[in-house]
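Following: one structure in structure tokens, then a few remarks.
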Amino acid sequence: MSHFPKPPEGSWTEHYGIDTAPMSYEDSISPEHHELEREAIFARSWLNVGRVEQLRNKERRYTQDIAVADTTVLVVEEVDGGISAFRSPKDGESGTGPRPVQVDVWEGFVFVNLDDSNTASLRESLGRFASGLEGYPFGEMTQVFKYRSDVGSNWKLYIDAFAEFYHAPVLHAKQYVSDESRKLMSYGFEALYYDLDGPHGMVSSWGGMAPPKDPMMVKPIERILRSGNFGPWDKPDVAGLADLPPGLNPADHPAWGLDSYVFFPNFMLVVWEPGWFLTYHYWPTAYNRHTFEGTLYMAPPRNATDRLRQEIAAVTFKEFALQDSNTLEATQKMLETRVVSHFPLCDQEILLRHLHTSAQKAVDAYRETHAPANHSAG
Ligand SMILES: [Fe+2]
């Protein structure tokens, strides 16, 4: 029996008319396919390269490596306040100077597009989810905690691991006190809502842990600090948090906890009910490797207690992320054996199928317009 209402069709899969056939993971283990993704996806899509607050330094500039496109992007704030971006020349390009690239900003998030001929605007590309988030006080969350790691898996596999939540009660069981953990495991996980828009996807989840109904549900350190995985229990005093933008909590559920967005191709945004947000970036470095960046954004702490509350949230996040990423290199190795090539995906994995399908569509579209010249030996 489901805990939360499902769409009238009976499942999210049917609601969105999603294919139910077992899905091939060849797209995550093929070096040739990765080469196509580099051109079809990363050389052509709007890519998030951080936030405007990163320009708050003496030089008013910062850089972001984009190894998958053989380049480094330099973001610069001009004297008039405008933002420009440049990329380093690629192998084989003449000259050594930086080349201007398309840049645009949405709600303080800086995006570049490495395709000079791109005509799709950033807003158009980000779609409905971005419009629904406009007005959230992203710019007030200037206390930043950042993790970066080199992961031995295809970039899509880590997004898969974060795009379904039903693993949480089992995989993260040790994060809760044992009574609570048993309860969560028997209850299982169900999302409040899923939504798809173009190549993007989102899942909305219940919360209820900040603060928990019963303080004995959580560990002593969380009780003492009033903070944990869902962030500090007391909302920061930030204008804009009381009246959330219409896109958040799409199920309009009183127990709403967080909304997690996959902005295609490699940018995730997680907005938490207690008043903070996370971003994830997955930068491919090979078909079976990528650099993962996880960044927490919180309101500036007013005192040492606030700061400690944020620290416990940040280290708890790291523990969760280590548990989430622990299986990735094994998954990659298992897939590469090709002993099993196709996998069934369940109703709670629609965002996984949507990501791989969207990536495949981009590759197919690229192939159609960039068919290699066929010099068949006759
Ligand atoms: Fe997880």
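Restricting the range 240-275 to residues that are in a strand (DSSP E or B) and small (Gly, Ala, Ser), which is surrounded by the fewest Cβ atoms within 10 Å (Cβ to Cβ)? Checking each candidate, the answer is GLY257.
Do we have GLY198 as closer than 30 Å to LEU122 by Cβ and either buried (at least 18 other Cβ atoms within 10 Å of the Cβ) or touching a residue at least 40 places away in the same chain (Cβ under 8 Å) (or both) here? Considered against the rule, which asks whether it is closer than 30 Å to LEU122 by Cβ and either buried (at least 18 other Cβ atoms within 10 Å of the Cβ) or touching a residue at least 40 places away in the same chain (Cβ under 8 Å) (or both), GLY198 comes out as yes.
Looking across PHE267, PHE263, PHE277, PHE292, one residue alone is out of contact with any helix residue (DSSP H, G or I) (no Cβ under 9 Å at 6 or more places or on another chain) and touching a residue at least 12 places away in the same chain (Cβ under 8 Å). It is PHE267.
Residues in the range 38-52 that are in a helix (DSSP H, G or I) and under 30 Å from ALA299 (Cβ atoms): VAL52 alone. For the range 161-182, check the following and say yes or no: at least one residue is within 15 Å of the ligand (Cβ to nearest atom) and under 30 Å from ARG56 (Cβ atoms). Yes: the range 161-182 contains one or more residues that are within 15 Å of the ligand (Cβ to nearest atom) and under 30 Å from ARG56 (Cβ atoms).
Among the listed residues LEU322, LEU352, which satisfies the condition of being within 16 Å of the ligand (Cβ to nearest atom), surrounded by 19 or more Cβ atoms within 10 Å (Cβ to Cβ) and either over 27 Å from PHE4 (Cα atoms) or touching a residue at least 60 places away in the same chain (Cβ under 8 Å) (or both)?
So the residue among LEU322, LEU352 that is within 16 Å of the ligand (Cβ to nearest atom), surrounded by 19 or more Cβ atoms within 10 Å (Cβ to Cβ) and either over 27 Å from PHE4 (Cα atoms) or touching a residue at least 60 places away in the same chain (Cβ under 8 Å) (or both) is LEU352.
Step by step: first the residues of the range 186-214, then only those that are within 14 Å of the ligand (Cβ to nearest atom) and not in a strand (DSSP E or B), then the one that is nearest to the chain's Cα centre (by Cα). Which residue is that? Taking the candidates together, the pick is ALA191. Sub-6 Å Cβ pairs linking a first residue in the range 167-178 that is part of a helix (DSSP H, G or I) to a second residue that is near the ligand (Cβ under 9 Å from one of its atoms), at least 6 apart or interchain, are LEU171/GLN323, ordered by first then second residue. Taken over the range 208-236, the criterion of being touching a Gly at 6+ places or on another chain (Cβ under 8 Å) and surrounded by fewer than 17 Cβ atoms within 10 Å (Cβ to Cβ) is satisfied by GLY208, LYS219, LYS235. Scan the range 277-286 and give yes if some residue there is in a loop (DSSP other than H, G, I, E, B) and at pLDDT 95 or above, otherwise no. There is no residue in the range 277-286 that is in a loop (DSSP other than H, G, I, E, B) and at pLDDT 95 or above.
Being among the aliphatic types (A, V, I, L, M) and within 19 Å of the chain's Cα centre (by Cα) is the filter here, so list the residues in the range 44-64 that pass it.
LEU47, VAL49, VAL52
Scoring LEU278 on the criteria (1) crowded, with 16+ Cβ neighbours inside 10 Å; (2) more than 16 Å from the ligand (Cβ to nearest atom) leaves a single failure, condition (2). Say we look at the range 297-319 and pick out the residues that are among the aliphatic types (A, V, I, L, M) and not in a helix (DSSP H, G or I); which of these is surrounded by the most Cβ atoms within 10 Å (Cβ to Cβ)? The residue in question is MET298.
The values are calculated or read from the model by the stated rules, or taken from the named source; none is laboratory data. Just so you know, these numbers come straight off a predicted model, no measurement behind them. For neighbour counting, all protein chains shown are included, and Cβ atoms are generated from backbone atoms with ideal geometry for every residue, glycine included.
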